[in-house]
Amino acid sequence: MKKYIIKRIIYMLITMLIITAATFFLMHSIPGDPLSYMARNLPEQTRENYYATYGLDKPVFEQFIIFMKNLLTEGSLGESLRYPGRSITDTILQNSRVSVVPGGLALIFGLIIGIILGIIAALKKNKWPDYVVMFIAIVGITVPVFILASLFQYVFAVRLQILPTQGWGQPENIILPAVVMSFGTIATYARYVKSNMLDVMGQDYILTAEAKGVSRFNVIKKHVLRNAFLPCITLLGGQISGIFTGSFVVEKIFGIPGLGFYYISSINDRDYTMIIGTTIFAAGLFILAQLIIDIAYSLLDPRIRVQ
Amino acid sequence: MKKKILSVMLVGIMTLSLAACGGNNEESGTSDVTVDGNQLDAEQYYNTYLSSDPTTLDSVKGNDTYSWSILLNIMEPLTRLDEQDGENVRVAAGAESWESNDDGTVWTFHLNDNKWSDGEPVTAGDYVYGIQRTLNPDSGSVNSYLITCIKNGEAVNNGEMSVDQLGVRAVDDKTLEITLEQPTPYFLSLTDTRAMLPQRQDIVEQYGDTYGAEASNIVCNGPFKIESWTHNSEIVVTKNDEYWDADNVYLDKVTWQIIQEETTVFNSFDSGSLDTCSSGTPEWIDRFSEKDGVESYEYENTTVRYHFYNTQDELFQNENIRKAFTYAIDRDDVNSTIYFDIHKPSYSWVMGPVTTGENGFYREQVGENPLQDIMGEQDPKELLLKGMEELGLGDDPSTITVTLSVGGTTQWLRTYGEYFQQKFKDVLGVNIELEQNEWGTFQSKTNSGDYQMGYMSWTIDYNDPISMLEIMKSDAGSIPTFWQNDEYDSLIEQASREMDESARTELYKQAEQILLEECPVCPVTNEVYHGFVYSYVKNVATTPFNTMGMKKVYTSGR
C-alpha cells in the first residue's frame, strides 16, 4: 500500500510537470498578448516598456525556465499581468476559499437529495415516483445553469424580494447559488444511483439473499445500497476538486468573488501567469482527488486490491 | 374647555413643526442642508456598480475604465472637467489656478491646500513623482504615450534620459511647473487623465509592486478615500474629511458592487439595491424608461464603431473600392436594424461631444456630418466597378469575395456580420465571408495585415479632436490600416502645436476631410449612453468627458 501511494505520487508529479509545460507553451502560442484587454494598439515604445517590465520580451523558453525556477525555489506562481500587484497564489487561495462555500453546500445538498431520489426511483421503477424523479433529473441535466440561475434570481430576488440578487459576505448570499448549483448534482446522482441499484438488484447474490428469506428492507440496506454507492465515488472525485475551482456561470450571475471567473477571464485576457496558476491548481486538485478515490476504493471494496 | 382644546392643539402643532425644523431628523430622514433647493437626505449614500474588477488602483499601471471610475473619486487630478448646461467647464481641483507662458510651452499650476487621507499635505512633489513614474520605462506604464509632449518625455520613456531630466518640477510645495517639448494646445485636457495623477513616493516605495493592489496599500487625496475592496465583489469609499473641498462633498459613502452579469445589474436596479444602471439593451431601456420613480438620461458617447480596411490588400489598396464599401452602408438602417435605434449613425471620425478649448463643440464649428457631404449622391456600385476596372478585375462584382473580420465570437457579432453580408451583396453584388475570432487572435491577425475589412470600436482618450485624428497618422499604428498620407501627417503635426484655436480647428477639419475622402476607416455608428437613476439621486454626470466622479452627487427624498 505504502509503495503504491509513493508510486502514485511520483506519477502525479510527472503528470503535473507535463501539464505545466504543455500549458505554458500552448498559451504562449495563442495569438494576442496581455495588452489585448485594452482592445487597442498602443504606441511602440509604450508596448516595449510594458513587455520589458513583465519579462515578456524574452524568448518563451527562457520565460518558462524563469517560471519553473521561481516555482520550484520560491514556490511562487508570480504576479498577475492583468491585475498588477496581485499574487497568483493569494488570488487562488482567497478565491477558492470563497468558491468552496456555495460549491460545497451544493454538493452535500445535491448528494443527499440525489441519492434519496435515486433510491425512490429504483424502488418504484416504472411507477409515477420514478417518472417524477427522472423528469427532475432530465430537467436538471438539460436546462442550462444560467437559465436556472436567472429564473431563481428573478423569482426570489426581484419578485418575492426575499433574497438578495447578488453579493457576497452575508449568509443569505449563499442560498440561491448553492441551490442552483445543486441541481446538476441532484440530477446526476438520481440517475446514477437508480441505474446502479437496478443493476445490483438484478445480480444473483440479491436473488440468493431473497431466497434465504432476508427481509426486503435488509436486502436493500445491506446488499443493494452498499454496492450501488461504490461507483458513485468515482464521480465524487471530480466534483470535490470542482468545488474549489468554482463555477464560472453561477459565480458571475450571483456576483460571487470565486475562482471560477479566473478560468475564463485569464484566457481571454492572456493573463499568462493566471492561466498557468489556475491550471496547476485545478490539475493538482484533480489528480489528488483521483488518488484519494483510488485509495478509498481499495478500503471500501474488498474486490479491489491495489498492487 | 375651548381654551384647553386650543392649547392642546397648539402644543401639538408646535411639536410637529419643531420636529420638522430639527437638524438631523431621524423620523423624516432629512437633514437641514439644502442644495439647489433640494433638501438632502440625512443618510447620504450611493450604490452603484462596475462590470469588472478594477485591475489596480495604481494610476500608473492599468488603463481600464473600472479603475478610472474609482481613481476619479479617490485621487485629485490637477483639474477636473465639470458640466454646466450640457457643456464641459474646466474647474479647479488639485490646482486652484494655472497659467501658461505666451507660447504655451511652460505651464504653472498653483496647488490647493489639499491633504492625503493620512493627514500629510499634498505637495507639488507628489504630482512630479506621479508624472515621472508614468514616463519611467521601468514602470511599464500603459499610459505613458499620453504625456510624451512633456519636455524630454519621449527620451525619458525610451530610456535615453533619466526621469530627472523630465520637464516637470516643483517650484515649491504648492507650485508645479511643467515644461513642454513644443506648444501643446490641448495640454490641459491631459491634466485629468490618469497619466498625471499625483502619487506619494514613500507609499509607492513602501508597497512596491503591490501598491494599489489592495485597499490598504494606497493613500487617497480625492473627495473620497477607499474603505474596503473585496476583489470581484465590492469597493466601498467614504468621504475624505481631509479633502480641500470636503464642504462641497455630500455623499458619506459610495459602494460599487462588482457585477459582471448584465441581467444581474438590471435585476439589482429593479429591486432597488442599485441606485443607478446603464443599458445597451433595447428591452431594458424601454422597461426602465417607463419605471416609476426612475429618471432616464442619455448622451452621445465618445465611442465610434467603425469598419477599417487593409490598404495593403490587393483589393482595398484601391481608393474607389474603399469608397464603395464605405458609401454602400445605410447608417440609418444599421442603427434601426442592428441597434434598434438606441445609438446614432456616424458620418464623421471625431465624435459629437468633443470640444476644442474654449470654442465649444468641434462638430458644431466644422459641420456635423462631413461624410454625408462627401458621399453626396455617388453610386457605390459605380465606384466599385470603377475600382475593379482600375485593378483589372473585370466588371462582375459577384467574382469578388471579401472577408469581414470581427473580434469576438458572440452571437451578436455573428448577426452583425450577417447583416453586412446581406447588405453588401444587395448593394454592391459582392460576396462577404465572415471571420470570427476571439479578440486576441483578431488583434494579432489584423495587426499583421492578415485581413481585408474589419470591425472595431474606438473610445477617445481625452477631449480634443487630435486624440481621434492622431491615431490615423502614418506612424501611429493604432489601427492597422497601413494607410499613409503625408499631407494628413503634416496637418496633424501643425495642429498639434497651433495655439490659435480657430486656426487649429481649421487644420483638424482639413485633416478629417482627407481621412474621410480616402476612407481607410469607415465610421458607422456612434454609441449613445443610456443611463437610469432613481429620481432621488441628484447631480449625476450627463456628459461623457465629465471627470467630477461622485464629488457633487447627493440624494434627496430617498
Quick check: anything in the range B:452-472 of a type in the set (A, V, I, L, M) and free of Cβ contacts under 8 Å to residues at least 60 places away in the same chain? yes
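Those residues that are part of a helix (DSSP H, G or I) and of a type in the set (D, E, K, R), I need them from the range B:333-387; list them, please.
At the first step, the residues of the range B:333-387 found to be part of a helix (DSSP H, G or I) are B:333-337, B:357-359, B:362-366, B:370-375, B:380-387.
Within the range B:333-387, B:Asp333, B:Glu358, B:Arg363, B:Glu364, B:Asp373, B:Lys381, B:Glu382, B:Lys386 qualify.
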Evaluate the following for B:Leu197: is it away from chain A (no Cβ under 14 Å) and in contact with a Gly (Cβ under 7 Å, 6 or more places away or on another chain)? yes
Return the residues of the range B:304-337 that are under 27 Å from the mean Cα position of the chain (by Cα), hydroxyl-bearing (Ser, Thr, Tyr) and crowded, with 19+ Cβ neighbours inside 10 Å; say none if nothing qualifies. B:Tyr306, B:Tyr309, B:Thr326
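Would you pick out the residues in the range A:149-159 that are facing another protein chain (nearest Cβ under 10 Å) and of a type outside the set (Gly, Ala, Ser)? Before the answer, list the steps.
Taking the range A:149-159 as the starting set, the residues that turn out to be facing another protein chain (nearest Cβ under 10 Å) are A:149-150, A:153-154, A:157-159.
Selection gives A:Gln153, A:Tyr154, A:Val158, A:Arg159.
List the helices (runs of 4 or more DSSP H) inside the range A:23-128, counting only whole elements, that have at least 1 residues being away from chain B (no Cβ under 14 Å) and closer than 30 Å to A:Met197 by Cα.
Numbers: elements: A:44-53, A:60-69, A:88-123.
Where helices (runs of 4 or more DSSP H) fall fully within the range A:23-128 and carry at least 1 residues being away from chain B (no Cβ under 14 Å) and closer than 30 Å to A:Met197 by Cα, they are A:88-123.
Among the listed residues B:Leu146, B:Leu72, identify the single one that is away from every other protein chain (no Cβ under 14 Å) and not in a loop (DSSP other than H, G, I, E, B).
On the way: B:Leu146 fails: away from every other protein chain (no Cβ under 14 Å).
Residue meeting the stated conditions: B:Leu72.
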Selected residue (only one of B:Asn463, B:Asn431 is more than 14 Å from chain A (Cβ to nearest Cβ), farther than 23 Å from B:Leu413 by Cβ and touching a strand residue (DSSP E or B) at 6+ places or on another chain (Cβ under 7 Å)): B:Asn463
Unmet criterion (only one of (1) away from every other protein chain (no Cβ under 14 Å); (2) within 19 Å of the chain's Cα centre (by Cα)) for B:Thr65: (1)
Scan of the range A:174-227 for residues that are surrounded by fewer than 19 Cβ atoms within 10 Å (Cβ to Cβ) and hydroxyl-bearing (Ser, Thr, Tyr), ordered by number: A:Ser195, A:Tyr205, A:Thr208, A:Ser215
Taking B:Ile258 as the residue in question, decide whether it is within 13 Å of another protein chain (Cβ to nearest Cβ), aliphatic (A, V, I, L, M) and within 24 Å of the chain's Cα centre (by Cα). yes
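Give the residue that is farthest from the other protein chains (Cβ to nearest Cβ), with candidates limited to residues of the range B:149-166 that are assigned to a helix (DSSP H, G or I) and closer than 25 Å to B:Thr65 by Cβ. Spell out how you get there, then give the answer.
Pass one, the range B:149-166, residues assigned to a helix (DSSP H, G or I): B:153-157, B:163-165.
From the residues that got through so far, the ones that are closer than 25 Å to B:Thr65 by Cβ too are B:153, B:157.
Details: B:Gly153: 10, B:Asn157: 6 Å.
Only one residue fits best here, namely B:Gly153.
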Name the residues in the range B:193-219 that are part of a loop (DSSP other than H, G, I, E, B), surrounded by fewer than 24 Cβ atoms within 10 Å (Cβ to Cβ) and in contact with a strand residue (DSSP E or B) (Cβ under 7 Å, 6 or more places away or on another chain), would you? B:Glu214
Looking only at the range B:434-460, filter to residues that are within 14 Å of another protein chain (Cβ to nearest Cβ) and assigned to a loop (DSSP other than H, G, I, E, B); which one of those is nearest to B:Thr525 (Cα to Cα)? B:Ile460
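Within the range B:118-141, how many residues are in a loop (DSSP other than H, G, I, E, B) and either of a type in the set (Asp, Glu) or within 27 Å of the chain's Cα centre (by Cα) (or both)?
Within the range B:118-141, the first condition is being in a loop (DSSP other than H, G, I, E, B), and the residues that meet it are B:118-120, B:122-123, B:136, B:140-141.
Filter once more, keeping what is either of a type in the set (Asp, Glu) or within 27 Å of the chain's Cα centre (by Cα) (or both): B:118, B:120, B:122, B:136, B:140-141.
Looking only at that region, the number is 6.
Hey, does the range A:197-211 have a residue that's modelled with pLDDT of 85 or more and assigned to a loop (DSSP other than H, G, I, E, B)?
So the first thing to find is which residues in the range A:197-211 are modelled with pLDDT of 85 or more, and the list is A:197-211.
Restricting the remaining residues to those that are assigned to a loop (DSSP other than H, G, I, E, B) gives A:202-203.
Scanning the range A:197-211, I find at least one residue that is modelled with pLDDT of 85 or more and assigned to a loop (DSSP other than H, G, I, E, B), so the answer is yes.
Scan the range B:220-237 for residues that are assigned to a strand (DSSP E or B) and either touching a residue at least 40 places away in the same chain (Cβ under 8 Å) or touching a strand residue (DSSP E or B) at 6+ places or on another chain (Cβ under 8 Å) (or both) and report the count. Spell out how you get there, then give the answer.
Step one: filter the range B:220-237 for residues assigned to a strand (DSSP E or B), giving B:224-230, B:234-237.
Checking which are either touching a residue at least 40 places away in the same chain (Cβ under 8 Å) or touching a strand residue (DSSP E or B) at 6+ places or on another chain (Cβ under 8 Å) (or both) leaves us with B:224-229, B:234-237.
Count: 10.
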Residues in the range A:41-91 that are without any contact (Cβ under 8 Å) to a residue 12 or more places away in the chain, farther than 24 Å from B:Ala213 by Cα and within 27 Å of the chain's Cα centre (by Cα) total 1
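One line per residue, one yes/no per condition, for (1) under 29 Å from the mean Cα position of the chain (by Cα); (2) basic (Lys, Arg):
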| position | (1), (2) |
| --- | --- |
| A:Met197 | yes, no |
| A:Met201 | no, no |
| A:Tyr205 | no, no |
| A:Lys212 | no, yes |
| A:Val224 | yes, no |
| A:Ile233 | yes, no |
| A:Pro257 | yes, no |
Of the conditions (1) within 14 Å of chain A (Cβ to nearest Cβ); (2) closer than 30 Å to B:Asp292 by Cα, the single one that B:Tyr250 does not satisfy is (1)
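Given the residues A:Ile141, A:Ile112, A:Ile119, which is the only one that is under 29 Å from B:Asn232 (Cα atoms) and either among the hydrophobic types (A, V, I, L, M, F, W, C) or modelled with pLDDT of 90 or more (or both)? Steps first, please.
Numbers: A:Ile112 fails: under 29 Å from B:Asn232 (Cα atoms); A:Ile119 fails: under 29 Å from B:Asn232 (Cα atoms).
None of the others qualify; the one that does is A:Ile141.
The values are calculated or read from the model by the stated rules, or taken from the named source; none is laboratory data. For clarity, every value in this text was computed on a predicted model and none was experimentally measured. Cβ coordinates were reconstructed from backbone atoms using ideal geometry, including for glycine residues, and neighbour counts include every protein chain displayed.
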